[in-house]
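Structure, as structure tokens:
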Amino acid sequence: MVKWNISVARSFAGRAPVETINMAKMTPAAGKPGALPPNDDIGEAKRLELYRLQVLLREAEQRAFDLFLQNQIKGTSHLSLGQEAIAAGCAAAMQPGDLSFCTYRGHAHTLARGVPVEKVLGELMGRDNGLMRGKGGSMHLTSVEHGVMGSYAIIGAHIPIACGAAWRAQYKGASDVSVCFFGDGTTNIGAFHEGINYAAIHKLPVVFVCENNLYMEYTPIADVIPVKHPAADRASAYGLERILIDGNDADVVYRTMLKAYARARAGEGPSLIECLTYRHSGHSRADPAKYRPEGELEKWKQRDPIKIYRERLKSFDFPDETMAAIDAEIKKIIDDATTACQAAPTTSTDILFTDVYADGGWAWRN
Amino acid sequence: MVKWNISVARSFAGRAPVETINMAKMTPAAGKPGALPPNDDIGEAKRLELYRLQVLLREAEQRAFDLFLQNQIKGTSHLSLGQEAIAAGCAAAMQPGDLSFCTYRGHAHTLARGVPVEKVLGELMGRDNGLMRGKGGSMHLTSVEHGVMGSYAIIGAHIPIACGAAWRAQYKGASDVSVCFFGDGTTNIGAFHEGINYAAIHKLPVVFVCENNLYMEYTPIADVIPVKHPAADRASAYGLERILIDGNDADVVYRTMLKAYARARAGEGPSLIECLTYRHSGHSRADPAKYRPEGELEKWKQRDPIKIYRERLKSFDFPDETMAAIDAEIKKIIDDATTACQAAPTTSTDILFTDVYADGGWAWRN
Amino acid sequence: MAELTYRDAVARAIAQEMTRDENVVFLGEDVAKAGGVFKATVGLLDKFGPKRVIDTPISEQAILGAAMGAAMTGLRPIAEIMFADFIAVCYDYIANEFPKTRYMTNGQVGCPLVVRCGGGGGSRFGAQHSQCIENWVMQFPGLKVVSPSSPVDVIGLLAAAVRDDDPVMFLEHKSLYAMKGEVPDGEILDRLGTAKILRAGTDATIIALGMMVHRSVAAAEKLQAEYGVNVEVIDVRSLVPLDTQCILGSVAKTGRLFTVEENPRVLGWGAEVVSIVADEAFYDLDGPPVRITTPNIPLPAADQLEDMAIPSVDRIVATIRKSLSA
Amino acid sequence: MAELTYRDAVARAIAQEMTRDENVVFLGEDVAKAGGVFKATVGLLDKFGPKRVIDTPISEQAILGAAMGAAMTGLRPIAEIMFADFIAVCYDYIANEFPKTRYMTNGQVGCPLVVRCGGGGGSRFGAQHSQCIENWVMQFPGLKVVSPSSPVDVIGLLAAAVRDDDPVMFLEHKSLYAMKGEVPDGEILDRLGTAKILRAGTDATIIALGMMVHRSVAAAEKLQAEYGVNVEVIDVRSLVPLDTQCILGSVAKTGRLFTVEENPRVLGWGAEVVSIVADEAFYDLDGPPVRITTPNIPLPAADQLEDMAIPSVDRIVATIRKSLSA
Ligand SMILES: Cc1ncc(C[n+]2csc(CCOP(=O)(O)OP(=O)(O)O)c2C)c(N)n1
Ligand SMILES: Cc1ncc(C[n+]2csc(CCOP(=O)(O)OP(=O)(O)O)c2C)c(N)n1
Ligand SMILES: [Mg+2]
Ligand SMILES: [Mg+2]
């Protein structure tokens, strides 16, 4: 069973003690009921952006799931339903030029950086309008123009790769931050250890975001680690601060990331942030997620990040119509994207032989 | 420069706080001057064994070095000169049937388990009397009959392998412990992370001994880690106790290992023990070790484990003749072994084609 | 005799061996409680309990390393590396540890273990989850490499692999997991290093493996029916040990050699077969030995692209026709 | 014109490229302060400083991963993996990441980096520190594989590798580090994918690589002097891209093909060369193509054993004589 007590880092930059908060007792919306939309550190515009992003990710992935059921999408896919607050909060805190390194579970992080829904769905559907025209597929979404430097399907491989991108920034005196997303289960692979250590010794401008959704594919992370928190409880092994946050609250994620990015940009080195969350769907398309204890999903659905956020906006007196308008806008975007993808041609097979080598072709011999 | 202040775990089994001791202020010999040979927890016989072992390792490796210089040994080799207290202390605390997993720096650990000097030198010299008749060489010393389950030359590979041997013991209800030796630099490779985690979650009867000799090949470990102690400061990432000991004091090593082995046998799981030490020679045959700051070697030579131990024995009133007799016995063993190896034939080349497969041969096709 | 899927054959083979020998243990990611991500090991946990059927962390090096240490000291581990592509993250054990240990120790230490994994294309999983990795693993003296193409071969060869005293890579094909086949009741035990002639023929020899076996047989049928070309199809089944006699015997009869490989073209396993035949049966050959492979590209994800990349029945037919001028 | 060792040529090549392009950076274990365990990178730290010449932890995955991330975003890293055998601990980058990235992203992301390592036998280092790994790395579409046999080639090919926009495996040979050769002054830049005919001949073609080039040339001299057999020797230099035209052209002339490979027999790079020739130049061949290799064994440590395992001048001579019945 999920334990709701988690420790949350209160002060990020310093070595201040972490505070244990009881999520069960938290009001889902932290704003004061009846208050006007706040002009606090986050502000009205950013709050609406966070809401919009989360709805976008939710609806786009829900659509992807529907298209699978209709066999319009082949292959596999890994959805982030329920984990949207992390993708939204991380992306909303980024600046243009910051770089995202995602996993096979990368739709949300890709969309959150502004990649059009049509391009993502098109890729999943193997259409010519797809991000990579069908050559990469769901697990390898990449959009360099949006700072999405790839989605990596081998667990942990992108952790050192993100270090490399951050090294380039440091070397060139550029101010961008590399942000690397991975799951709880990924903390047990060698590349995690090597990459985090490497980032720490060079004080690289990279932020490691561990989305702890309690499960690897089907096996609970708790079954295969000797500590409670797979990332947070290991931070000290790399001289890093223990940071554990509520990953279902986009405001918390956003605030934490702002600080971590700032720290990276200031040359103070990497951060390793564990975000507690839950995925609503199975691991991948093939997975009905029957291994979860009864009631667990329902409990987490009460803490659905979008539900939390909508209530927060309400508590800040955002009118229902504002949210409804966003919902409608998103729905239209996704419907339009779907239609466009369905109308798009499948990729012509001549691209089978392009871009194996830098000369654009595939010739390996004369 | 070396800092002499190291933290030493006082109480091993429990979670007692570690004590910071000042090695510079330590009397090299901890016994009371003028006392009779003590019948304390270690006892007279074991003390003489520890002394004898250390001298044996020192002299055997010194001989290996001399034979290199005379070009009677080819290839590479990695000596443990200066680190003998660890090999001696660990081996003296083992029981028959316990298993050692060594590295390319494995002469000392192999000899400490009772493998005849002749067999080790013979292997280094590529003679037919060698442990593996020359097929393995210095970096792969193995003597199953003595519990030396191999020396591994790829950094970190044997950490999971030792877990596997310990798993077998656990599975079969056997009481043997697997002991896995590696250096400070090895703590940064992926297999370290994966192996220690794996041992911890299964509470495997394995003891990980990190010989922190301050250097990898030529690069100081301090240059490439963000913590002070490469193993001890990472133990908590695996839910293990922080254990840092003086690796130049065979009594300290012996006592620590006894407890760690007992813990393993009792089903209480693995230990990760960092032993602070220093190698007197270069990394390998090829290395004059010019990268060391001036005076560092001399400082550590004052804490030469054999010097320390000889003084301790003296302080316990062991007569000089006792040590001299041991020294002489060792010298004879090593001289005899050298003579035997020089007289031994080189390996006949027919063994080139044996033992590739379990049928004893090398045929991979019909 | 029962009809069984290739997937269920895996579980049956493991169960057969675990029942026979209590030293056989099984570990891997999601293999126990969930029965494997390909559902090929369902039921084993219930039957043999958590001491013998173990869910591991995502630590492929720990999986293979632990399997090796256990094998060295008396157990007979079967380790699953989920997708064959992931062999790359634990390759040191494949390249440097398993195969060399016996030799380096002059026979003191053996490494009797099996590594199972699901490889191959056709699932639209893209470049990092679709590879056939025979040519990542067959070049290491000391390591055996087996790949079954049918349910009955899964059982017989996996049983033989478990009982073998050498380390064995057991390469299953993801696209075959749903395939059904007749399987006799009772214990099944096959022999490593034995190829099977699935279809006798006189005009040319096809050597194939895994999923390509089925396409090769279909191509042979089509060549016979439509073009009167009589092709012998050999399921090589085991690359190490290799049944060279079977291959050379067939080529001596037909005079022509074709390999059908799913891997990209360069240095596939077929290159070894071709090289052996070209050297040892040069004067038997009536024309050039030809390798039919995926082109030298990573595998794309989209279905129509992937289908074009992997050798199809039509491509096999066309290549052989052209080469035989038939 | 100066005489330079193969070892010093490495440092000179890196220095040449680092001077030319400030995006070139260099990282690896013990490469900076110590100048490399083979002393092949001495002086680079002094010349270019610790920002560009970096000592890393023993973390091969971090080394290659960091190199890749840097390459993807604008740097031109050269990464050293000390002994070639250690490629096994970071193989995922070789097999799944470097070569596939450009393709999977439909050309959005490139990976212009070089991985250098020292491989090969002759140093009595035993089975885990002596391997030639061409056949661990050449089967991945997207990855280039180069191996120089002389100081001047070290410089020219390493420079070409650094300037290449694809990932390149640059396989040096440990036993050649001490070898001396004439090297012109000034910038040296060669071309990948170009084989070199080191000795023209008419009776047979030898294709060799690395240390085997020198033994092949010596064998050819001996065959000429003692048996009147005139052998053409080609240093293939680069396996990917492969100069197939040079190879096919030579075989068209000589009618006989021999590969001389240091790797164990099974699925060495020679199998690809033989397969290409057997397929495309079948009717040019006057006799079977023959691979001369280390037998199918791990490398032993003792000197007399190692010497017997690796192809020697005498073995090359004997094999060719026997095959040509000369
Ligand atoms: C090296 C490697 N091992 C195993 C896998 C198969 N695999 C894909 S996702 C996954 C679970 C990952 O769990 P986690 O890190 O928690 O991320 P999540 O899927 O929960 O987001 C596994 C085992 C893989 N892709 N790569
Ligand atoms: C995977 C791998 N990388 C690099 C090496 C080369 N190497 C051999 S010993 C060594 C240094 C090891 O340092 P440490 O772990 O401190 O052990 P020590 O040699 O000091 O005993 C290195 C880098 C190797 N053998 N394997
Ligand atoms: Mg997870
Ligand atoms: Mg060290």
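All Cα-Cα distances of segment D:1-154, cut into 5 Å bins from zero to the largest, leave 2, 9, 18, 22, 22, 16, 8, 3, 1, 0 percent in each bin in turn. Seen against the Cα atoms of chain D and their longest principal axis, helix D:313-324 is set at about 50 degrees. The Rg/Rh ratio for chain D, using Cα coordinates for both the radius of gyration and the Kirkwood hydrodynamic radius, is 0.97. Binning at 10 Å from 0, report for the protein assembly as shown what percent of all alpha-carbon pair distances ends up in each bin. Calculated over all Cα pairs of the protein assembly as shown, the distribution is 2, 9, 17, 22, 21, 16, 9, 4, 1, 0, 0 percent. For C:Lys100, the lysines whose Cα comes closer than 16 Å to its Cα, not counting residues fewer than 8 places off in the same chain, are B:Lys135, C:Lys144. Take every pair of alpha-carbon atoms less than 8 Å apart whose residues are at least six positions apart; their mean separation over the length of segment A:42-345 yields a relative contact order of 23 percent. In nanometers and ordered shortest first, the copy-to-copy spacing of the B:Glu329 label point, defined 7 Å from Cα toward Cβ, is 8.8. Across segment C:196-325, counting alpha-carbon atoms alone, Rg and Dmax equal 13.8, 44 Å. Within straight-line reach of C:Lys51, meaning a Cα separation under 26 Å, sit the following lysines at least 8 residues removed in sequence or on another chain: A:Lys228, A:Lys290, B:Lys172, B:Lys203, C:Lys33, C:Lys39.
How would you rank C:130-136, B:138-144, highest first, on the average number of other Cβ atoms within 10 Å across their residues? Intermediate values should be presented prior to the final figure.
Values: C:130-136: 27.9, B:138-144: 25.3.
Top to bottom by mean Cβ count within 10 Å: C:130-136, B:138-144.
In whole Å and largest first, what semi-axes does the C-alpha gyration tensor of segment B:184-248 yield when each eigenvalue is scaled by 5 and square-rooted? Walk me through the intermediate numbers first.
Details: eigenvalues 86, 33, 23 Å².
After diagonalising the Cα gyration tensor, the semi-axes are 21, 13, 11 Å.
Toward the positive end of the charge dipole of chain B, with +1 on the Cβ of Lys and Arg and -1 on the Cβ of Asp and Glu, the farthest Cα among B:Gly267, B:Ala289, B:Ala162 is that of B:Gly267. Label separation (B:Lys332 vs B:Arg265): 3.3 nm, computed from points 7 Å beyond Cα along the C-beta direction. Out of B:Glu298, B:Glu84, B:Glu59, any idea which swings most in a Gaussian network model of chain B, alpha carbons joined below 10 Å? Comparing B:Glu298, B:Glu84, B:Glu59 in a Gaussian network model of chain B, the most mobile one is B:Glu298.
Highest mean first, how do A:42-51, B:317-326, D:216-225, C:117-126 rank when packing is the count of other Cβ atoms within 10 Å averaged over residues?
Values: A:42-51: 17.9, B:317-326: 14.2, D:216-225: 20.3, C:117-126: 24.1.
My ranking of the peptides, most packed first, is C:117-126, D:216-225, A:42-51, B:317-326.
Between the helical axis of C:151-163 and the longest alpha-carbon principal axis of chain C there is an angle of about 50 degrees.
Can you give the average number of partner chain beta-carbon atoms within 10 Å of each beta-carbon in peptide A:233-239, as a whole number?
On the way: counts 4, 6, 1, 6, 12, 6, 5.
Rounded to a whole number, the mean comes out at 6.
Label points for D:Glu226 are taken 7 Å from Cα along Cα→Cβ. From this copy to the others they lie 5.7 nm apart, shortest first.
Within 10 Å of each Cβ in peptide C:170-180, how many partner chain Cβ atoms are there on average? Round it to a whole number, please. Present the calculation step by step, with values, prior to reporting the outcome.
Working: counts 0, 0, 0, 0, 0, 0, 0, 0, 0, 0, 0.
Across C:170-180, the average partner-chain Cβ count within 10 Å equals 0.
Compute, for segment D:173-325, the length of the dipole vector about the Cα centre, with Cβ point charges of +1 (Lys, Arg) and -1 (Asp, Glu) only. Units Debye, rounded to 20. Kindly include the intermediate steps, with their values, before the conclusion.
On the way: 15 positive and 21 negative charges, 56 e Å.
Here segment D:173-325 has a charge dipole of around 260 debye.
Across every pair of non-identical alpha carbons in segment B:42-345, the mean reciprocal distance, once inverted, gives a Kirkwood radius of 19.3 Å. Taking the longest Cα principal axis of chain C as reference, the axis of helix C:60-72 is set at about 80 degrees.
Using Cβ point charges alone (K and R +1, D and E -1), the dipole size of the protein assembly as shown about the Cα centre works out to roughly 1900 debye.
Percent relative contact order of segment C:196-325, based on C-alpha pairs within less than 8 angstrom and at least six residues apart?
Values: 221 pairs, mean separation 35.1, N = 130.
The normalised contact order for segment C:196-325 reaches 27 percent.
For the peptide C:47-55, the mean number of other protein chain Cβ atoms found within 10 angstrom of a residue's Cβ is 1.
Only Cα pairs under 8 Å and at least 6 apart count here; give the relative contact order of segment B:137-258 as a rounded whole percent.
On the way: 143 pairs, mean separation 24.0, N = 122.
Once normalised by length, the contact order is 20 percent.
Placing a label point 7 Å from Cα along the Cα-to-Cβ axis, B:Ser175 is separated from the same position in the other copies by 6.8 nm, shortest listed first. Cα centroids of segment B:79-119 and segment B:141-185: 13 Å apart. Computed over chain A with a Gaussian network model linking Cα atoms closer than 10 Å, the most mobile of A:Ile273, A:Ile86, A:Ile351 is A:Ile351. Put simply, when A:221-232, B:200-211 are sorted by average Cβ atoms within 10 angstrom per residue, most first, you get B:200-211, A:221-232.
Using a simple charge model, +1 on the beta-carbon of Lys and Arg, -1 on the beta-carbon of Asp and Glu, nothing else, what dipole does segment D:2-183 show about its Cα centre, in debye to the nearest 20?
So the magnitude is around 160 debye.
Taking only Cα atoms and a 10 Å spring cutoff, compute GNM fluctuations for chain A and point out the largest among A:Asp335, A:Asp66, A:Asp251. Top of the fluctuation ranking is A:Asp66.
Read the figures in this text as sums done on the coordinates, not as results from a lab. Keep in mind it's a predicted model, so treat the numbers as computed, not measured. Every residue, glycine among them, receives a Cβ derived from its backbone with ideal geometry; neighbour counts consider all protein chains shown.
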